[in-house]
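Everything on this sheet refers to the single structure shown next.
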Amino acid sequence: MIIIQNYINGKFQSTDKNIEDINPATGEIIASIPKSNSNEVQMAVDAADKARKGWSELSLEERTQWLDKIADSLESRSEQIASLESLDTGKPVSLARAVDASRSVVNFRFFADFARGYSPEKFEMDDATNHVILKPVGIAGLITPWNLPLYLLSWKIAPAIVMGNTVVAKPSELTPLTANLLAEVIHDVGLPKGVVNIVHGLGSEVGQSIVEHPKINLISFTGGTMTGRKVAETAAPMFKKLSLELGGKNATIVLDDVNLDEAIPGIARSGFLNQGQVCLCGSRIFVSDKIWDEFVPKFVDYVKNMKVGDPSSPDSDLGALVSFAHRDKVESYIHLAQREGGEILCGGQAPKLESPFDNGAFLEPTVVTGLSHLSRTATEEIFGPVVTLHPFESDENAIEMANCTDYGLAGSVWSGNTDRGTKIAEKIETGMVWVNTWLHRDLRVPFGGIKDSGVGREGGRWSLGFFSEAINICVKES
Ligand code: NAD
């Protein structure tokens, strides 16, 4: 069993109480993590506070070199990242390798390169020059979820430290293994102590203590909308800088001019990648009634052929869900769909697997039809391998249906005509829309949601801006 400790002030430290970490594919206990509380958060804040001056006085170039060192060290441990992530989350190791391990390295490299390319803005007046400089905010509190553990943690830590902030981070208590690996990497490369502190524990204890700590000046939170609301309630009256990356219920719009054979693999990937546990997953699929009869059997056939099973097998398209409690929640939505009059076209059950996976938190990819687009199943975030199909009559009708939820994170439009697809994309009320693709990421672009999907943007210059205070110095010619 792996014993995980907090990483505070450059030291690994344990606590009296611990939490068990379970492999959801087998139900086996794989690790124990500290059940920290406000005392450990205070120690981490003290360390981050002490490190602030020295770290912020390094030049931007010097800090980018630290990011490069972390990226190189992480890259040398890529295979270990992939296997720990798969063990902790239940996701296929092939996915963890292609997405989680590689993106974590890329996040550090990207922000190092991007910050090196940054040049301060200057605005000339007739008689004066305005110099806009970016200063560190102070101590950044970073809180992350379980679906893409190191991918999302590195997405926050890299820009936070490159801009001169120090960090107190809390990974999800369900998936702590790769945050611990990152602490080892940070320790091995010799990053000055106190610059990055990682405190493990429950959201209600460690997360809440971070959000309410008066010395933490900035909160970047990724997680569920309900939790985000609580974070905002605490942080907003304290005037902290706040970025909230929250839930989604994303629409996939399939137009009548699409090439179905080309589009269906992408549409299925968008519904079921990571067992449907990506905030961007397209779980409401709106299909033109002109191609409905052709689309539905082809799509269902494709989904039926997706293989669920052993996360370490290269043949598995889907692994286990993150926990038994989460699978219960997703199953409760399948039952709700049936009560709401939906028809299950495929899936809906736990697959029959051999030991040691026979008691794992697996669920077949599930396709439901026959529901109103306004039903609870089709408007609430399920965050699992469940999609609903809905026919539409016209482009306007598709846009109206897509925009009917309280969420506004992402979406995708699939069409043989990119102009038509793009025009529809512009009318979708979300922070991001893809046309004929999904989760095709350029790290320079803004990432974030509108409505109940969040506040603020991260990515590229939006991250550099969020993790800094823009200060204007106006110099009048003498
Ligand atoms: P969650 O909200 O339950 O937990 C997220 C993190 O917040 C965890 O580390 C948790 O311990 C912590 N937390 C819980 N209560 C807290 C509190 N009171 N104060 C501070 N922190 C607290 O979310 P989850 O179940 O881990 O993740 C799934 C959700 O995350 C989904 O809704 C998904 O859409 C969303 N998500 C959003 C994005 C995005 O970029 N928009 C990305 C990934 C996941």
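The values are calculated or read from the model by the stated rules, or taken from the named source; none is laboratory data. No experiment lies behind these values; they were computed from the predicted model shown. Cβ: placed from backbone, ideal geometry, glycine included. Neighbour counts: every protein chain shown. Heads up: the accessible areas ignore ligands, DNA and RNA and are worked out on the full protein's heavy atoms, side chains in. Shrake-Rupley method; radii C 1.70, N 1.55, O 1.52, S 1.80 Å.
Some observations on this one:
- Share antiparallel - DSSP beta bridges, the chain, percent rounded to 5: 40
- Mean separation of Cα contacts under 8 Å, 6 or more apart, over the residue count of region 213-289: relative contact order %: 31
- Sites listed here are chymotrypsin sites (Phe, Trp or Tyr not before Pro) in region 149-257 whose DSSP assignment is loop and whose Cβ has at most 15 other Cβ atoms within 10 Å: Phe239.
- Expressed as a whole percent, the accessible surface of the chain that belongs to carbon and sulfur atoms is 51, based on a 1.4 Å probe.
- Convex hull volume of the C-alpha atoms in region 160-283, normalised per residue: 163 Å³.
- Prolate/oblate/rounded label for region 74-132 (Cα gyration tensor, a/c 1.5): prolate
- Taking all C-alpha pairs of the chain, those more than 35 Å from each other amount to 33 percent.
- Antiparallel DSSP beta bridges within region 344-442, percent to nearest 5: 25
- Of the chymotrypsin sites (Phe, Trp or Tyr not before Pro) found in region 281-350, none is in coil by DSSP with at most 14 other Cβ atoms within 10 Å of its Cβ.
- Per residue accessible area in Å² of region 159-256, where ligands, DNA and RNA are left out and the probe is 1.4 Å: 28
- Qualifying trypsin sites (Lys or Arg not before Pro) in region 327-407, DSSP loop, other Cβ atoms within 10 Å at most 15: Lys352
- Fraction of the pair-distance distribution of region 398-460 above 19 Å, Cα-Cα pairs, percent: 31
- Beta bridge orientation in region 63-221: antiparallel %, DSSP, nearest 5: 20
- Part-to-part distance (alpha-carbon centres) for region 34-90 and region 152-219, which is given in Å: 6
- Unit charges on C-beta of K, R, D, E only; dipole of the chain, Debye: 1200
- Using C-alpha pairs below 8 Å separated by at least 6 residues, the relative contact order for the chain is 18 percent.
- Within straight-line cross-link reach of Lys307, aspartates and glutamates at Cα separation under 18 Å, skipping those fewer than 8 residues along the same chain: Asp315, Asp317, Glu354, Asp358, Glu364
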